[in-house]
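Notes follow once the structure below has been shown.
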Amino acid sequence: MDVRRWTVSAIACWKRGGVCSGCIYENFFTSMRKCRMKSSVIELVKKLGPPPNEKEQTFIQEEI
């Protein structure tokens with residue numbers, strides 16, 4: 001997965017800790033698709049570190 005920058009949606013996911021409840025896309029990914037934002041956020045943290053200008057520390061545990 002190639003991640004390049006923190007988007008508004010990725011920062012929102014990071015703040016929620018990867019929990020889909022409350023996400024604006026929650027209803028979009030019902031039974032047909034699986035959201036991949038959490039895995040993208042994990043890659044962004046690995047590659048770029050936490051989102052810039054974010055004081056709140058939220059951690060997403062990588063699923064094994």
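The values are calculated or read from the model by the stated rules, or taken from the named source; none is laboratory data. If you're wondering where the values come from, they're calculated on a predicted model, not measured in any experiment. Please note: Cβ atoms are built from the backbone with ideal geometry, for glycine as well, and neighbour counts cover all protein chains shown.
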* Asked: Is it the case that Val41 is at pLDDT 80 or above, part of a helix (DSSP H, G or I) and either among the basic types (Lys, Arg) or surrounded by 10 or more Cβ atoms within 10 Å (Cβ to Cβ) (or both)?
  -> yes
* Structure fact -> Residue set Trp6, Trp14; condition modelled with pLDDT of 75 or more, in contact with a helix residue (DSSP H, G or I) (Cβ under 9 Å, 6 or more places away or on another chain) and assigned to a loop (DSSP other than H, G, I, E, B); output residue Trp6
